[in-house]
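Here's the structure, in structure tokens; my notes come after.
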Amino acid sequence: MAAPVYRASLPDANELARERRRARLRRFGGRSVLYSAASFFTLFAALPFAWMLLTVFKQNADLYDPNHNPFLYNSPPTLDNVRLLFEQTQYATFIRNTVFVSVFVVVITLVATVPAAYSLTRLAGRWGESLGIAIFLVYLIPPTLLFIPLSRVVAELGVRNSWWAMVVVYPSFTIPFCTWLLMGFFKSIPWDIEEQAMIDGYSRLGAIWRTVLPVSIPGLLTVVVFSLALTLHEFVYALAFVTSSAEKTISIGVTTELIRGDVYFWQSLMAAAAIVAIPVAILYNLFLDRFIAGFTLGAVKG
Amino acid sequence: MSTSAQVVPVAAGVDRRRYWLDREGVLGPLLLLPTVVYIIALVGFPLVLAVLYSVSDATVGDQSLDFVGLRNFRAAIGDGTFRVALRNTVAFTLVSQLIVMLLANLLALVLSADFHGKRLVRFLVMLPWTTPVALGVLGWLWTLDNVYSPIDYAFRQMGLLGPSIGPLRVDNPVSDVVRWLGLGSVFGTGSNVLWLAQPALAQLSVLLVHVWRTLPLATVILLAGLTAIPQDVKDAANVDGAGFFRQLFYIRIPLLLPIMAVAFLYGIVFTFTDMTIPFILTNRGGPVDSTQVLASWAFIKGIEGGSLGEGAAVAIFLFPVMAGVAALMLRLARRTETS
Amino acid sequence: MAAIEARGITKRFDGGGGAAVDGIDLASTDGEFLVLLGPSGCGKTTLLRMIGGLEPPTAGDILIGGRVVTDLPPRARHIAMVFQSYALYPHMTVFNNIAFPLQAAKLPKETQKQKVGWASGILGIDHLLDRKPRQLSGGQRQRVALARALVREPNVFLLDEPLSNLDAQRRASARDELQQFQRRVGTTTLYVTHDQVEAMGMGDRIAVMDQGRIRQVGTPLEIYDDPADTFVATFLGSPPMNLIPDGASGLLFGFRPEHFVPASDATGDDAVRFPFHVHRTEYLGAERLLYGAVGETRTIARFPANADLPIHVGATSEFAVRRRDLKRFDRETGLRRDQIRGIG
Ligand SMILES: Nc1ncnc2c1ncn2[C@@H]1O[C@H](COP(=O)(O)OP(=O)(O)O)[C@@H](O)[C@H]1O
Ligand SMILES: [Mg+2]
């Protein structure tokens, strides 16, 4: 086959200058589009939260005047609304219930997932990974499919209409999710160290306790954070199982007890939401990469 | 002979039963037991119970499971609200997830570039996913308020909303431009849009909040996929003379397709089964059930109405989609394992 | 075709301490095979990426064909690059991989086909065009990467350790093929490697790099015979050049192990003599190495395996180096103190 003539394609000076201008223009255009897009998405995502925070400190006379610019403080900011929330509503009770539920759920999740994840990564052999994925898929079974039969289960256990109902039910989604997360951690720990411990005379459980757990502390922390986050995010089960206001947690207490259509109460309501939402968001954000690593089922390495 | 006779097996005389806990065949299942029992008791058993309920006449008052065949399903399907809910569920899910796929690709493109304040932007755009959904929706409820919505205020100031004649007409440079573009009062001449009070707008709002809620999830999944594309491949495309769009459509998107499918499936799961958004935002599916979805309808029938059988029958309709998604997810996981 | 030139090119990475590339001046001639040789982490890849336009330099200029291209994007430079990992597009067939630069240049489909056929013919991969990269062996992938580089008829080839992913046997033959291929197409080539055998065997000239700087540029012969400093002297050659401190002059005497012979074999009176205490001999098939010391300094001598040596382990004998094989280096700076013959 005859080779095509080998042709040099050197740009001449004019062409170079044109290329250079074009490159500069493109860079500038690219930056403008980038910053505009970033602003647009930020505004879209943060709008309700911004409005939430702005509302919290507004005085009634300022907020409830449609002619006032809502983006400004036309009267000085006030903390009265936050005070009202804690002094005249059951918000403190909701927080207390939430803390109780969270602590129990976190502990149950840890106690169940650490052995399970270890067993699936180290002892179950070939089908450990598949079983792990199966358990993870359980997490995707929606509460909206299960709340009706679970209401029966909860009733039979005698915890209906109490925050204990959530303690019983929430691990049904925290355990599958966290088992899978923890499996990812255990997989990254070299087997050598526990085998060394076993050769050094420890039993298997002793080796786990002394070598695997200490190096998995970031993993355990992830489990704590996500069982906490999932607990705070949950809404449907709480709504279905608890009706008496003294037993409610924040996400349902705030949305069912504090919404009073007739009374102007939005500042305190927004305070109630923001006080929980922002810390949860920060905590979640710190561990977001772990969350995604689990969610992508190992389809993405690293 | 005499020397070998003195060799004693080390383990002789040791009670082997003492080591039963070290055996993998024993310890493995034992450690797995609590989790498996929990999942069977609180997911597996209820799943079966859900099916049983759907073919029984159980109510909160009388929980005995008397078989009634497909009566609950017939009743559910015969109900106009159910059909609205089914249509809404499908529409909200598909439309919102198609929008999310488009926007998530753009947002991932933005977040994979370097710019000032990127960490803050990332934190803020993640908020809809990282905050408890009920509280975020509460924020929207107030943002889309019928009277005090700041969006309405902004629209009024821009001349997009409110009267274009008379003493209440707003006049400023922006509104002049808007009116010149022929967009004056596109959101009506009243003082408010009433986002949540009119069926069509309420549906749009629910859709919007679904997009808002799942966009961050899809984005971070795509971002994770982007970091898995080797730098060398991107560099090679650059050197080969591919411009931005060629790199986007011939390199980036094709390589991202499997992970995009993962993001899409998760989006489907979370929107299809959601009841929180219509429940809070449009006060349990209003106005007049125009934003009702399967999950919230099951809740209203089964929990609030006390008709467990009918509620369960409605909820069962979530199941095929879930099973389909799970199967696809497994296939994707297996495919990425082998390649 | 075009020569490449770097002028005072410097790269500092954000927060990365010193300079990865530190004020390098380097020029190739048109059509040359120039090898960039240096230990891992010395900045070779960084320099190559700056020439390719993938990394903006902190200071200095890049010229291709005599024109400054520093602020041009890669695609405006008309260069081709072969990466260490080959960077084939995993989702495209071999054909589409090779045709990708042509598609980017918006050439007509017919021309694309013809050129892909030509490039894949040269590299002997025309039977693989329908496969995906993951169905190819390492050597085949390397050829696909080369074909992709060749097909757009670039001004310059930039190759970053393209053979390091091949096994030893494949590597030797690939070295040969690659060099012949470059001779045939005659495109200016900058070839990065940390392997001195590759550099010596393939390069028209070699630029030896260390810690972000060029230590010496010259033909393989010049670099080997006349190292400009102790780094080049010890980086090339295996075993490396011996360096013996000389008490009288305060210099370092450098000589290759094969130039270190028994005094009786060093004919003529221009030989410099050293007492060599032999600790150990090593027989390597084709050659024999003597490990020992001159004074306190570890020293190695090399002989053909069949050489008849009256040497005993543990004994000290008189060895010598011919004067013209002896290089002198400054003990402080490591630079050559005597005349360098090559162009340097
Ligand atoms: N993107 C980067 N960011 C920070 N430091 C880098 C980056 N790339 C390379 N370096 C540093 O620059 C130096 C030179 O690297 P490189 O050019 O890859 O060396 P070589 O290719 O010769 O092995 C190394 O110390 C490396 O750590
Ligand atoms: Mg390198």
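Got the relative contact order for chain A handy, in percent, Cα pairs under 8 Å and 6 or more residues apart?
26 percent
For Cα pairs less than 8 Å apart in space and 6+ apart in sequence, what is the mean separation divided by the residue count of chain C, i.e. the relative contact order in percent?
17 percent
Which cross-chain or sequence-distant (5 or more) residues have an amide H under 5 Å from the amide H of C:T58, H modelled 1.01 Å from N in plane?
For C:T58, whose amide H was placed from the backbone, the distant partners under 5 Å are C:T10, C:K11, C:R12.
Using amide H atoms built 1.01 Å from N in the peptide plane, name the residues 5+ places from C:Q84, or on other chains, whose amide H lies under 5 Å from its own.
Amide H neighbours of C:Q84, under 5 Å, 5+ apart: C:D160.
List the residues, sorted by chain then number, that are 5 or more residues from B:S164 or on another chain and whose placed amide H is less than 5 Å from its amide H.
none
Return the inverse of the average 1/r over all pairs of distinct C-alpha atoms in chain C, which is the Kirkwood hydrodynamic radius, in Å to one decimal.
The answer is 22.4 Å.
Roughly how crowded by other chains is peptide B:284-297, in terms of the mean Cβ count from those chains within 10 Å of each of its Cβ atoms?
The shielding value for this peptide is 1.
Viscosity 0.890 mPa s, temperature 25 °C: give me the Stokes-Einstein translational D for segment B:160-317 in µm²/s, with Rh taken as the Kirkwood radius over C-alpha pairs.
123 µm²/s
If I build a Gaussian network model for chain B, linking alpha-carbon pairs within less than 10 angstrom, which residue out of B:A323, B:A236, B:A91 has the largest mean-square fluctuation?
B:A236
So which aspartates and glutamates pass the test for C:K106, namely a Cα distance under 15 Å, with those fewer than 8 places away in the same chain ruled out?
Within the straight-line limit of under 15 Å, C:K106 reaches these aspartates and glutamates: B:D240, C:E153.
Give the lysines whose C-alpha is closer than 21 Å to that of B:K118, dropping any in the same chain fewer than 8 places away, or say none.
Partners within reach: none.
Under a crude label model (7 Å from the Cα following the beta-carbon direction), how far is B:T227 from A:V99 in nanometres?
Distance between the two pseudo-spin positions: 3.5 nm.
Quote the FRET efficiency, to the nearest 0.05, computed for A:A246 versus A:L84 with a Förster distance R0 of 22 Å and r equal to the Cβ-Cβ distance.
Efficiency, from the Cβ-Cβ distance: 0.70.
Taking 7 Å along the Cα-to-C-beta vector as the label spot, tell me the A:N74-B:R71 distance in nanometres, rounded to one decimal.
If labels sit at A:N74 and B:R71, their model points lie 6.0 nm apart.
GNM on chain A, C-alpha springs below 10 Å: top fluctuator among A:T255, A:T231, A:T109?
Looking only at A:T255, A:T231, A:T109, the largest GNM fluctuation is found for A:T255.
Hey, what do the phi angles of segment C:11-22 turn into as Karplus ³J(HN,Hα) couplings, whole Hz, using 6.51/-1.76/1.60 and θ = phi - 60°, x for Gly and Pro?
9, 10, 7, 4, x, x, x, x, 8, 6, 10, 10
What number, in percent, do you get for the relative contact order of segment C:20-133 if the mean sequence gap of Cα pairs under 8 Å and at least 6 apart is divided by its residue count?
RCO, segment C:20-133: 19 percent.
As an exercise, identify the chymotrypsin sites (Phe, Trp or Tyr not before Pro) in segment B:216-250 lying in DSSP coil whose Cβ has no more than 15 other Cβ atoms within 10 Å.
Here no loop site has a sparse enough neighbourhood.
How crowded by other chains is B:320-333, given as the mean number of beta carbons from other chains within 10 Å of each beta carbon?
Mean shielding by partner chains, rounded to a whole number: 3.
Any chance you could run the full-extension gain for A:S32 through A:D289? It's 0.36 nm times the residue separation minus the Cα-Cα distance, nm to one decimal.
Between A:S32 and A:D289, full extension yields 89.7 nm more.
Hey, got the average number of other protein chain Cβ atoms within 10 angstrom for residues in A:128-141?
Across A:128-141, the average partner-chain Cβ count within 10 Å equals 5.
Just the C-alpha atoms of segment C:171-296: what Rg/Rh do they give, with Rh taken as the Kirkwood radius?
Value, to two decimals: 1.04.
Tell me, what is the FRET efficiency for A:Q196 and C:N306 to the nearest 0.05, using R0 = 51 angstrom and their Cβ-Cβ distance as r?
The calculated FRET efficiency here is 0.50.
Each label point is 7 Å from the Cα along the Cα-to-Cβ direction; what then is the distance between the points at B:T59 and B:L168, in nm?
Using points 7 Å along Cα→Cβ, the separation is 4.8 nm.
Looking only at segment C:53-78, which residues have a backbone nitrogen under 18 Å from a spot 7 Å from the Cα of C:D14 in the C-beta direction?
Within reach of a label on C:D14, which here means backbone N under 18 Å from a point 7 Å along Cα→Cβ, segment C:53-78 contributes C:54-59.
Answer rounded, prolate or oblate for chain B, using the Cα gyration tensor with square roots of eigenvalues a ≥ b ≥ c: rounded when a/c is under 1.5, else prolate when a/b is larger than b/c, else oblate.
Here chain B falls in the oblate category.
C:A305: net charge of surrounding residues, Cβ under 15 Å, Lys/Arg +1, Asp/Glu -1, itself excluded?
Local charge sum for C:A305: -2.
Full-extension gain between C:Q169 and C:Q135, please, as 0.36 nm times their residue separation minus the C-alpha to C-alpha distance.
10.2 nm
Using alpha carbon centroids, what distance separates segment C:1-76 and segment C:105-129, in Å?
So the separation of the two Cα centres works out to 30 Å.
So if the hydrodynamic radius of chain A is defined as the Kirkwood radius over C-alpha pairs, what does Stokes-Einstein give as its diffusion coefficient at 37 °C and 0.692 mPa s, in µm² per second?
Result for D is 138 µm²/s.
Pop the C-beta distance of C:H277 and A:E15 into the FRET formula with R0 = 51 Å and round what comes out to the nearest 0.05.
About 0.15, to the nearest 0.05.
Rounded to the nearest 5, what % of the DSSP beta bridges within the protein assembly as shown are antiparallel ones?
75 percent
Please report the net charge: other residues with Cβ closer than 9 Å to the Cβ of A:N97, K and R +1, D and E -1.
Every neighbour counted, the sum reads +1.
Applying the Karplus parametrisation 6.51 cos²θ - 1.76 cosθ + 1.60 with θ = phi - 60° to the phi angles of segment C:271-277, what ³J(HN,Hα) value in whole Hz is obtained for each residue in order, glycine and proline being reported as x?
With coefficients 6.51, -1.76 and 1.60, one gets 8, 9, 9, 9, x, 10, 8 Hz.
Residue by residue, what Karplus-based ³J(HN,Hα) values in Hz, rounded to whole numbers, does segment C:87-100 have, using 6.51, -1.76 and 1.60 with θ = phi - 60° and x for Gly and Pro?
So the Karplus estimates, Gly and Pro as x, are 6, 6, 7, x, 8, 10, 5, 4, 4, 5, 4, 6, 7, 3 Hz.
Report, largest value first, the span of the C-alpha coordinates of segment C:240-337 along each principal axis, in whole Å.
37, 26, 23
No value in this document is a laboratory result; all are computed from the given coordinates. Please read these numbers as outputs of a predicted model, since none were measured by experiment. Note that we place each Cβ from the backbone using ideal geometry, even for glycine, and neighbour counts take in every protein chain shown.
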